[in-house]
Structure formats: C-alpha cells, structure tokens
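Here the structure is laid out as structure tokens; the discussion comes afterwards.
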Amino acid sequence: MAHTPVNHPARPIFRAIGGLTGLYLVAFGVVGLITSAGNEVLAQDDTTVFGQGTNLGFSLLSVLLGGAVLAGTAIGRNVDVMINQWLAYVIMALSLAGLAFIRTEVNIFNFSVATVIVLMVISLVLLMVGMYGKVGTEEENEAWQKARLVL
C-alpha cells in the first residue's frame with residue numbers, strides 16, 4: 001500500500017513501543033494467572049489485576065497475545081507489522097464485544113469498563129505501531145514519498 005509509510009525515521013521507537021505493549025500484556029496475564037489461580041477458567045467474580053477485571057481464561061489469552069506481539073517484535077522484517085495490525089483488530093473487536101456484554105452472563109472474560117478502555121488503547125497503539133513500522137526497499141520508499149506528495 002503506497003499510503004503506508006515505509007522506512008519511517010521513527011521506526012525503532014515504534015518497534016520499542018510495540019514491544020512494551022506486548023510486555024504489558026504478558027505482565028498483566030501472568031499476574032492475572034497468579035491472582036486467579038484455583039478459580040474456574042471463565043469465572044465471573046470480582047478478580048481484578050491492575051484495576052481491570054479478569055479471570056483465568058482472559059489472563060491466559062493476554063499471555064498468548066502479548067507473547068505473539070513480543071515474538072513479532074523480536075523477528076522484525078515486517079512480521080511485526082502484520083502481527084501488530086492483525087492483533088490490533090482482534091483486540092479491538094474483543095474489547096467492543098466485551099463492552100456489549102459487560103453486564104450479562106455472556107461476559108465470559110469478566111471484563112470491566114476499565115478492561116475495555118485499556119484494551120481499546122492497546123489496540124490503537126498496536127495499530128499505530130503496525131502502520132509506522134514497515135521496512136521496505138528504496139523503490140517502495142520513493143513510491144510512498146510520491147503518494148504522500150500527491151495528497
């Protein structure tokens with residue numbers, strides 16, 4: 001896509017932000033696993049971690065998602081771009097679904113409003129990181145520069 005920046009000068013900073021986001025997801029998940037150990041996987045109780053509602057299932061999902069972001073950051077070479085963009089959309093859909101079902105029995109991940117807000121911010125950060133972290137050839141960079149000037 002010609003409108004996506006290629007070889008952005010702040011690319012290392014965006015990559016680091018993506019890694020920190022993945023690290024937060026892993027830390028949240030690990031603390032959630034410790035806090036909700038012994039509970040049912042999809043328990044709907046008052047378990048909170050970092051002010052966010054969670055349960056064993058969502059903590060495990062957070063560890064997996066954060067691990068995928070960290071793996072993509074470690075690999076680089078536009079693999080991180082694809083992982084960050086796709087997971088941003090997945091997390092955004094998850095947070096919107098959580099918001100829709102927050103006070104029902106379908107709230108299987110024990111979301112709170114704080115959880116929804118944090119997940120939405122994480123998804124937007126991952127989307128931003130995915131859009132500005134692309135690496136490409138000089139030809140792709142020139143095509144992006146030309147498309148940028150046309151706009």
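Every number in this text was worked out from the coordinates using simple rules, so none of it is lab data. From a predicted model like this one, the values you see are computed outputs, not experimental measurements. Don't worry about glycine lacking a Cβ; one is built from the backbone with ideal geometry, like all the others, and counts go over all protein chains shown.
At-a-glance table
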| item | result |
| --- | --- |
| Residue ID - surrounded by the most Cβ atoms within 10 Å (Cβ to Cβ), chosen from residues in the range 1-37 that are among the hydroxyl-bearing types (Ser, Thr, Tyr) and within 21 Å of the chain's Cα centre (by Cα) | Thr21 |
| Sole exception among (1) farther than 17 Å from Ile17 by Cβ; (2) more than 11 Å from the chain's Cα centre (by Cα); (3) in contact (Cβ under 8 Å) with a residue 12 or more places away in the chain for Tyr89, by number | (2) |
